[in-house]
Structures are given as C-alpha cells and as structure tokens.
Amino acid sequence: MEKLLKTAKKFIPHWLFTTLQPAYHYLLAAVGAVRFGFPSRKLCVVGVTGTNGKTTTATLLYRVATALGYKAGLISTVENIIAGTVVPTNHTTPDPISLNRTLRDMVDAGCTHVFMEVSSHALHQNRVMGVRFAGGIFTNITHDHLDYHKTFENYFRAKKKFFEMLPKGAFALSNTDAKHGDTMLEHIDATPYSYGFQGSENFHGEIVEVSVHGLRLVFNGVAVSAKLLGTFNAYNLLAVWSACQLLGFDGEKVTEILKDIEPPTGRFEHFMSPLGVMVIVDYAHTPDALENVLRTIRTSFTGARVISIFGCGGDRDPMKRKLMGEIGTRLSDIAIFTSDNPRSEDPEKILDQMESTLSEAEREKVTRIADRRAAIAHALEIARKGEIVLCAGKGHEDYQEIRGERHHFNDAEEFKKLFVKNVGP
C-alpha cells in the first residue's frame, strides 16, 4: 500500500497529493482495523505526542511496565518492541496497515499494554484513526515540521487532533507548563489531567537537585530520583510517573524502578573518552531541544568548555536553521556547523543559512566542516580532559542521507572508532 502511495506521489501534484493522503489513510485505517480484528481494543494503548520528549516518555513507560512484570509493546522512532523482541522501524508512527499488523502481533504475543509515539504527520494523515487509545500524553510544542505543516497553527491543530480523538474513559495528560498545554485539554471527551512544575497541576513536580549524577525530584509529595540528566528529563519523568498513576501501577514500585532507569539510545547518551573528554550524543534537532540540551550541559558541568557539533536537515523546515545556528553558537564555546542529513540540498548552503544572522563576534566561535565524520574528528582533536563534546541532531540514527542515498553513519560509533585510534592530545 505504501509503495502505491509513493508511486502516486511522483505523478500527482503536491497540493492534490497532500489533500488526498488523509482520506487514503483513513480508508487504510478502517481496512487495517477490520483485517487484523480491531487489535487496539484488546490492548491498553497509550500514545505520546509533542515536539520533544516523545521517544523518552514512551520508552520509559515501556521499561517501567516491563519491570513491573507486564508484557508490553513499544512503537517508537528508535525501535519497535513486542514483548521483549525488537522489530525494525522506519517511521515514528507506522502506516495504518503496518500499525494494525504490529498491534495484532502484540496481542498474539500476550501484551497487555502498548506505548507509542504519535507524530503530527501521522495525525494529519489519519494514520492512527481506528486505534482505540486508553490514554494520551502531550509533552510540548515548539518550532518544527513547518516544511510540512506550513504554519504553526496547522502544526498545533495536528497535535490537538490527537486529544480530540481520545474516547470517553481515556485519560488526557498534558504538560501545562508548555505552550498550548492548557488548550490541549479543552473540548475533549477524555478525562483531562495536567502535569508540570509551575502551578497547581494534578501532578505537580518540584526539582530538588540537577547534577552530573542525575535528578532529585518530588512528585506530589513523593521523593523521586533518577540517573537521567537535565531539566527536560525532569518533565519526561514527571509525565511517566503521572501516567503510571493513571494506569493504576504500583506507585512505590514505579518510584523504585525510576532510580536506575536508562535513557533511550541517542537521548543524552554520554560516555567518557580514554583521554577524559565527556562525549554526549543527542537527537536534539529542533531549536528548543538544542537549547535544552546545551543548558543542561552548562548547569550539570559548570565551568567546562563546551564544543558542539550540529547541523540541520536538507529538504526540511529551513526557518529553523538560523535559530539553530544562533542557539548553538550562543551556548557553546566552540560551535562546529556540519551536515545532518543534507538529502538533495547543498550542505554548504545549509551552513550558510545557519550562519546568516550571526554577528562577527559570534562567527569567531564557529568552525564549518560539512563532512560530519571530519567534524567529529576535529572536535576530539581540539577537546581536552574535562571538556564536553556534544554531537546533536541524529542521536540513534544509523544513516546519513546524501543526494537520495542512505549511507551507514552513527555518531556514537564514529566517536568510539576514534577512541580506539586514541585521537587527541
């Protein structure tokens, strides 16, 4: 079915294609649900939507449920997991036929709970129509995907659509510290719940300590600690803890599990080089996410020089390029502008746009190296013991897309290869 859609895209005008695609997926959703016996009705499915934090929140929920002894499934950007078995994934949210097939496989494997990311593209294209959700979580909304949605209002409406489709009896859990967090809970059939650190939410958090060792928090009067780093992860943890309460999980056991829980691959993944340089690999590919990660580094590793490596994807929202350039330069001691997935665009032109609004003083902090492998090598060459190297934008991805072709490339692998070669002073 998806091959048919890709073929049609080549011959149908873009405006007509984008108009017809939601109707096409709506039909596929109905077919898929019937074909596989309405599998979501036999599962407790919790969806997570938002610009940042979807993968971490969904993955942590899956890990908590599994640690509690439930058979669970995960559908995420990084991987799909069916009762402990990892299944390859190509999209954050699969097409309707693949999604219902996967849910059917989860039912057959004895799963009771499923935690899945729900992207704005999937919502606009009706890919999750026909899935019965037991709950939905909204993490935040910031500048992203405007190449597809065209306006922020359209992007917001796609996210809001998820909460509007939740049925009576489901829970709708929203981060009301985030922009439009309150709006997500308006005019919906599901039972609304809020979480956050700034007001009188249903699930209120307090940050006791943010350090290089992790987080110490208080959620509704309960002390919670975790090895995860950064304020943004405090929000992810509060979302997870809150959802667990709504799902009826044992609160004491959940709190205990969170103490040792690990982040998903490529989400603030950190390791030390043989020469004492802290390397952090993160998926941050939006202005807000990049700022969150860099601020976390600044507060967790006070006084350390920070070298950042990042770029912006080709054939995607060009408006965020100057924002990424400004944020990365301002919060880094040295900013290395490089390629992300340039796709069909000239990498140097992308770097030009990232640099376009920088002052002369800011440009002094920037090094341009379009080749990502060379950029990583350069960062390790100039880094000294006790300093931090952040490589942002690709996280878990194991490829780089250049001129229509995918080449194997993984940031963490590249660093570890250089560690073996003992690159550095």
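The values are calculated or read from the model by the stated rules, or taken from the named source; none is laboratory data. This is a predicted model, so every value here is computed, not measured. Cβ atoms come from the backbone with ideal geometry, glycine included; neighbour counts cover every protein chain shown. Only protein heavy atoms, including side chains, enter the accessible area calculation; ligands, DNA and RNA are left aside. Shrake-Rupley method; radii C 1.70, N 1.55, O 1.52, S 1.80 Å.
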**OP:** Under 6 Å between Cβ atoms, at least 6 apart or on separate chains: pull out the pairs that start in segment 66-86 with a residue that is more than 18 Å from PHE133 (Cα to Cα) and end on any residue that is small (Gly, Ala, Ser) and open to solvent by less than 50 Å² (accessible area, probe 1.4 Å).
**Re:** THR66/ALA72; ALA83/ALA109
**OP:** Tell me which of these ARG343 doesn't satisfy, since it passes every other one: (1) open to solvent by less than 50 Å² (accessible area, probe 1.4 Å); (2) among the basic types (Lys, Arg); (3) touching a helix residue (DSSP H, G or I) at 6+ places or on another chain (Cβ under 7 Å).
**Re:** (3)
Original post:
Does THR329 satisfy being assigned to a helix (DSSP H, G or I) and hydroxyl-bearing (Ser, Thr, Tyr)?
Top reply: yes
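Rundown of residues vs (1) over 29 Å from THR151 (Cα atoms); (2) of a type in the set (Ser, Thr, Tyr); (3) in contact (Cβ under 8 Å) with a residue 40 or more places away in the chain; (4) touching a strand residue (DSSP E or B) at 6+ places or on another chain (Cβ under 6 Å), yes/no style:
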| residue | (1), (2), (3), (4) |
| --- | --- |
| LYS320 | no, no, yes, no |
| ILE327 | no, no, yes, no |
| ARG368 | yes, no, no, yes |
| ARG373 | yes, no, yes, no |
| ARG384 | yes, no, yes, no |
| VAL389 | yes, no, yes, yes |
| GLY393 | no, no, yes, yes |
Subject >> Close pairs from segment 110-131: first free of Cβ contacts under 8 Å to residues at least 60 places away in the same chain, partner open to solvent by 10 Å² or more (accessible area, probe 1.4 Å) and among the hydroxyl-bearing types (Ser, Thr, Tyr), Cβ under 9 Å, at least 6 apart >> reply: HIS121/THR92; HIS121/TYR148; ALA122/THR92
Subject >> Single residue of segment 149-206 satisfying the filter (basic (Lys, Arg) and at negative phi) that is surrounded by the fewest Cβ atoms within 10 Å (Cβ to Cβ) >> reply: LYS168
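The rows are residues; the columns are (1) open to solvent by less than 30 Å² (accessible area, probe 1.4 Å); (2) within 14 Å of GLY47 (Cβ to Cβ).
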| residue | (1), (2) |
| --- | --- |
| VAL78 | no, no |
| ILE81 | yes, no |
| THR85 | no, no |
| ASP95 | yes, no |
| ARG101 | no, no |
| ALA122 | yes, yes |
| MET129 | no, yes |
Original post:
Given ASP315, ASP282, ASP288, which one is closer than 30 Å to ASP352 by Cα and buried (at least 24 other Cβ atoms within 10 Å of the Cβ)?
Top reply: ASP282
Subject >> Scan of segment 325-353 for residues that are more than 14 Å from THR367 (Cα to Cα) and basic (Lys, Arg), ordered by number >> reply: ARG343, LYS349
**OP:** Return the pairs, sorted by first residue and then second, in which the second residue is among the hydroxyl-bearing types (Ser, Thr, Tyr) and surrounded by fewer than 20 Cβ atoms within 10 Å (Cβ to Cβ), the first residue lies in segment 191-208 and is under 19 Å from HIS180 (Cβ atoms), the beta carbons are less than 6 Å apart, and the residues are 6+ apart or on different chains.
**Re:** none
**OP:** Could you run through segment 379-393 and say how many residues are over 15 Å from GLU413 (Cα atoms) and in a strand (DSSP E or B)?
**Re:** 1
Original post:
When you look at TYR155, is it in a strand (DSSP E or B) and either in contact (Cβ under 8 Å) with a residue 12 or more places away in the chain or of a type outside the set (Val, Ile, Thr) (or both), yes or no?
Top reply: no
**OP:** Identify all residues within segment 354-377 that are open to solvent by 70 Å² or more (accessible area, probe 1.4 Å) and either farther than 14 Å from GLN400 by Cα or at pLDDT below 95 (or both); write none if there are none.
**Re:** GLU360, ALA361, ARG363, GLU364, ARG368
Subject >> helices (runs of 4 or more DSSP H) completely within segment 1-117 that count 3 or more residues being at pLDDT below 95 and basic (Lys, Arg) >> reply: 2-11
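Going by the structure shown, is ILE137 outside any loop (DSSP other than H, G, I, E, B) and modelled with pLDDT of 90 or more?
yes
Inside segment 192-268, counting only strands (runs of 3 or more DSSP E) that do not spill past its ends, which hold 1 or more residues that are under 19 Å from THR56 (Cα atoms), at pLDDT below 95 and out of contact with any His (no Cβ under 9 Å at 6 or more places or on another chain)?
203-211, 214-219
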Subject >> Failed item, numbered, when PHE419 is tested on (1) open to solvent by 40 Å² or more (accessible area, probe 1.4 Å); (2) assigned to a helix (DSSP H, G or I); (3) modelled with pLDDT under 95 >> reply: (1)
